[in-house]
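Shown next, in structure tokens, is the structure this report addresses.
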Amino acid sequence: MTDLLYWQALNRAMDIELAEDDSVFTLGEDVALYGGTYRVTEGLLAKYGEWRVRDTPISENTFTGLGVGAAMLGLRPVVEIMTINFALLAMDAIVNMAAKIPFMSGGQFPMPLTIRMPGGIARQLGAQHSQRLEVMFMNVPGLRIVVPSTPQDAYWQLRQAIRSDDPILVLEHELLYFQKGAVDETAIAPPLHQAQIRRAGRDLTCITYSRMSTVAQEAAAELASEGIEMEVIDLRSLSPIDWESCVQSVSRTHHCLIVEEDCRFAGTGAEFCATLQEFCFYQLDAPIQRVAALDLPTPFNGALEAATIPAKENVVQAARKLMGLNQGVSQ
Amino acid sequence: MKEPILMPVLSDTMQTGRLTRWNKSVGDPVHKGDALAEVETDKAVMDVEAFADGYLAGPLAPVDQDIPVRQTIGYLVDSPALTKAQPSAADDGKETTEISQPPSTNGAGSNASPLAKESKDHSGAASPAPPAASVVPTSEVTPSAVSAPSEGADLSGSSPYARALAADLGIDISHVPAGPDGKIHASQVIAAAVQPQDADLRLGPPFLIRKPSSLRAAVARNMVASLSIPSFQISADFALQPLQARSKAQKRSFTLALARACALTVAEDPYFNTVWTAKGLAVRSRVDIGIAVDTGAGLITPVLRDAAERPTAELAEDWRILLDKVKTGRLVPEDYQGASFYVSNLGIFPEITQFDAIVPVGASAILAVSAPSDNGKTVLTLSCDHRVIFGADAARFLQRLGQRLQDPSWLS
């Protein structure tokens, strides 16, 4: 067990997979010489050479398409798209090719393709570089999407993604790269798409993922000091979603709070909410609540940017409201 | 300046208060400390005092309605001109009835205090209130007091889980009172499940629902709370004549003498001054005797503090003051709460030769004193909390009390 930064855990996972399987290779902008924008491929060019760690021109649809083709022929490409915002340029390769080919070929072509994408709102990268587009990919059948929130999950889930024969998007949060956490390389990984209870609680269930999982845990600590025990479920995967873990928890707490960094309107939380009420309607003691980002392009100004996404206080307030505790006397 | 006058919080448990009267009218000059109104709490009537000099301005909260604490009940203003700003200020004294008829848009959701809505309406174009509305008396059937902050339209209801739970528990959810947000949640269903069921009146004769007085409601609450106490009764016959004679000779009230006898006997066995709590046995350092008094309108239990240690003369003075407060309905919670032992005396009813009393929450025993039987002896029945007091303790208690009644030379 060692303490690693999130990027180091990903780097370690890449290193092991490249070492263990000759068919694994990685490509993308600045992955080789520069070592990756967030250092995830650092040192790999020297170790594995330019055939397996390959810089590409700024041409997302092309190099992602190259990954699709390589996967069809039996290689295990790991494509890095510098941020999820640039994936908009690679939509045809991802949506029309990677997600469709295994189905349209009747399973004749596998698609062992991994696409890594940093995303989420970092610090003042502007509206075009601060999008959370996971919901777009969730709406594409045929893709799997994982959203590791800890170095351990980053390590496990990237390795599992590379070994999978399905196209998998690994969405890494830009503010998590320099978070430190324990990584046990000998521990047996939980199933790729299984949710994890980050904090147990009896009063309400908070369903969240990626960086918001850490925000929710901070909120849960504060709520605990007020006597509200909030369970925090980190989904770890957005497609498929581990509904069973969610339903089990909500059936115990009868209260459900969804926290997402995505925009509220038609965001990921909308899907969680809709499906959970189908499963848990008779277990709900209050309407499911969502804490989400504001529905607007992210402002560049730092204070305004922070105001658009959920913070700990928003989660605490929403939890209090959900528990019917926010009705103090206001004069 | 216009400062709101709030419904005061007069005790820890007070959630609502009921104005029994306004002593001042809108436009009256008031001085700091003046009693503006009288408010009835759990058991007592207390004054709402002016917190500054000024003039009383409306709208004033209605009398005889439960009003949540900290709710605005009226205003203090700087100048008499400001008090005239209210459209109804002309017909002085009528405000109370007028605002008891909130011009709410939907009759159903008007649980919120009328004032909350009214104060908004008053600020703008104030049209004279329809006179018809102002003479309609306040209905006695008032809605529940603690109400939701009325934000947005209320969807009807109860949560799916509350309904499922009610179905499982066999509870008719239409009889479950809503929670603070106006909705029925699981907690309300559970509360209803553990509470005794209301009688189903639909099959009986026609009826009206009248709101119980605060005092009656408080007694009912306390009696339900006492149901959780596993109690037993033990009785003995004693001649009370020696104590009666002695108290007469010493010019003390017999009730006081009896309370004193109990206090001295309680002091000899700490368990009689102990109460069972979830945290452990609460052993009290002072014997406070609560004495049940029939006010005609209900039951109240003024408390003689430290009744074992203090001189009888001091207790007698306390007792006189307490009885005076009982007569004027001005007992405050400190006067009637927190006794560690209770005495209930029905001796003035010669037909009643035996009864037993219910151990109130917070005490471990209560002594019931009836009228003497034909043989001249009186049955004393002690009800005890068996978690604290066992049968033999209770028997010894009565023995020791009997000796004190036999030989009351201790009474000074």
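Of the residues in the stretch A:274-287, how many are within 14 Å of chain B (Cβ to nearest Cβ) and part of a helix (DSSP H, G or I)?
Selection size over the stretch A:274-287: 8.
If you check A:V259 against the conditions, is it closer than 19 Å to A:R199 by Cα and assigned to a helix (DSSP H, G or I)?
So A:V259 does not fit the description; no.
Condition check ((1) in contact with a strand residue (DSSP E or B) (Cβ under 7 Å, 6 or more places away or on another chain); (2) under 21 Å from A:T37 (Cα atoms); (3) not assigned by TED's automatic domain parsing to the domain that holds A:D262) across all residues:
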| site | (1), (2), (3) |
| --- | --- |
| A:A127 | no, yes, yes |
| A:G142 | no, no, yes |
| A:P151 | yes, yes, yes |
| A:R163 | no, no, yes |
| A:L169 | yes, yes, yes |
| A:L176 | no, yes, yes |
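Has the stretch B:214-223 got at least one residue that is more than 30 Å from B:G402 (Cα to Cα) and touching an Asp or Glu at 6+ places or on another chain (Cβ under 6 Å)?
yes
So B:R18 fits all but one of (1) part of a loop (DSSP other than H, G, I, E, B); (2) more than 14 Å from chain A (Cβ to nearest Cβ); (3) closer than 21 Å to B:P180 by Cα; what number is the exception?
(1)
Among the residues of the stretch A:60-78, is any of a type outside the set (D, E), in a strand (DSSP E or B), closer than 28 Å to A:L175 by Cβ and in contact with a Lys or Arg (Cβ under 7 Å, 6 or more places away or on another chain)?
Scanning the stretch A:60-78, I find at least one residue that is of a type outside the set (D, E), in a strand (DSSP E or B), closer than 28 Å to A:L175 by Cβ and in contact with a Lys or Arg (Cβ under 7 Å, 6 or more places away or on another chain), so the answer is yes.
Within the stretch A:63-81, track down each residue that is in contact (Cβ under 8 Å) with a residue 24 or more places away in the chain and open to solvent by 40 Å² or more (accessible area, probe 1.4 Å).
Hits for the stretch A:63-81 are A:L66, A:M72, A:G74, A:L75, A:R76.
Hey, can you tell me all the residues within the stretch A:11-48 that are out of contact with any helix residue (DSSP H, G or I) (no Cβ under 7 Å at 6 or more places or on another chain) and in a loop (DSSP other than H, G, I, E, B)?
Listed by number, the residues that qualify are A:D21, A:D22, A:S23, A:E29, A:D30, A:V31, A:Y34, A:G35, A:G36, A:T37, A:G43.
Is it the case, given these coordinates, that A:A182 is exposed (fewer than 15 other Cβ atoms within 10 Å of the Cβ) and in a strand (DSSP E or B)?
The answer is yes for A:A182.
Given the conditions (1) surrounded by 15 or more Cβ atoms within 10 Å (Cβ to Cβ); (2) away from chain B (no Cβ under 14 Å); (3) at positive phi, report the number of the one that A:G324 does not fulfil.
(2)
Hey, which of the strands (runs of 3 or more DSSP E) in the stretch B:268-314, taking only ones fully inside, have at least 2 residues that are under 25 Å from B:A218 (Cβ atoms)?
Here the list reads B:274-276, B:289-291.
Can you pull out every residue in the stretch A:119-169 that is more than 10 Å from the chain's Cα centre (by Cα) and among the acidic types (D, E)?
Within the stretch A:119-169, A:D153, A:D165, A:D166 qualify.
Would you please name the residue that is farthest from the chain's Cα centre (by Cα), looking only at residues in the stretch B:204-249 that are open to solvent by 90 Å² or more (accessible area, probe 1.4 Å) and not aliphatic (A, V, I, L, M)?
B:K248
Residue under question is B:K325, and the condition is that it be open to solvent by 30 Å² or more (accessible area, probe 1.4 Å), within 21 Å of B:A225 (Cβ to Cβ) and of a type outside the set (A, V, I, L, M); does it hold?
Spelling it out, it is not the case that B:K325 is open to solvent by 30 Å² or more (accessible area, probe 1.4 Å), within 21 Å of B:A225 (Cβ to Cβ) and of a type outside the set (A, V, I, L, M).
List, please: which pairs have Cβ atoms under 6 Å, are six or more places apart or on different chains, and start with a residue in the stretch A:251-269 that is within 14 Å of chain B (Cβ to nearest Cβ) and end with one that is assigned to a strand (DSSP E or B)?
Pairs found: A:T253/A:L204; A:T253/A:T205; A:H255/A:L204; A:C256/A:T205.
Tell me, please, whether a residue that is over 23 Å from the mean Cα position of the chain (by Cα), assigned by TED's automatic domain parsing to the domain that holds A:L175 and not aromatic (F, W, Y) can be found in the stretch A:108-118.
Taking every residue of the stretch A:108-118 in turn, at least one turns out to be over 23 Å from the mean Cα position of the chain (by Cα), assigned by TED's automatic domain parsing to the domain that holds A:L175 and not aromatic (F, W, Y).
For residues in the stretch B:161-180 being facing chain A (nearest Cβ under 8 Å) and under 25 Å from the mean Cα position of the chain (by Cα), which is most open to solvent (accessible area, probe 1.4 Å)?
B:P180
Among the numbered conditions (1) farther than 25 Å from A:D92 by Cα; (2) open to solvent by 20 Å² or more (accessible area, probe 1.4 Å), tell me where A:M136 comes up short.
(1)
B:T138 passes all but one of (1) modelled with pLDDT under 85; (2) open to solvent by 50 Å² or more (accessible area, probe 1.4 Å); (3) not small (G, A, S); which number fails?
The failed condition is (2).
Considering only the stretch B:182-203, state which residues are open to solvent by 40 Å² or more (accessible area, probe 1.4 Å) and either modelled with pLDDT of 85 or more or within 13 Å of another protein chain (Cβ to nearest Cβ) (or both).
Passing the criteria: B:K183, B:S187, B:I190, B:A191, B:A193.
Residues that are modelled with pLDDT of 95 or more, within 14 Å of chain B (Cβ to nearest Cβ) and part of a loop (DSSP other than H, G, I, E, B): does the stretch A:288-299 have at least one?
Yes - at least one qualifying residue is present in the stretch A:288-299.
The values are calculated or read from the model by the stated rules, or taken from the named source; none is laboratory data. Everything numeric here is computed off the predicted structure, so don't read it as measured data. Heads up, the Cβs are rebuilt from the backbone with ideal geometry, glycines too, and the neighbour counts pull from every protein chain shown. All accessible areas refer to the heavy atoms of the entire protein, side chains included, with ligands and DNA or RNA removed. Shrake-Rupley method; radii C 1.70, N 1.55, O 1.52, S 1.80 Å.
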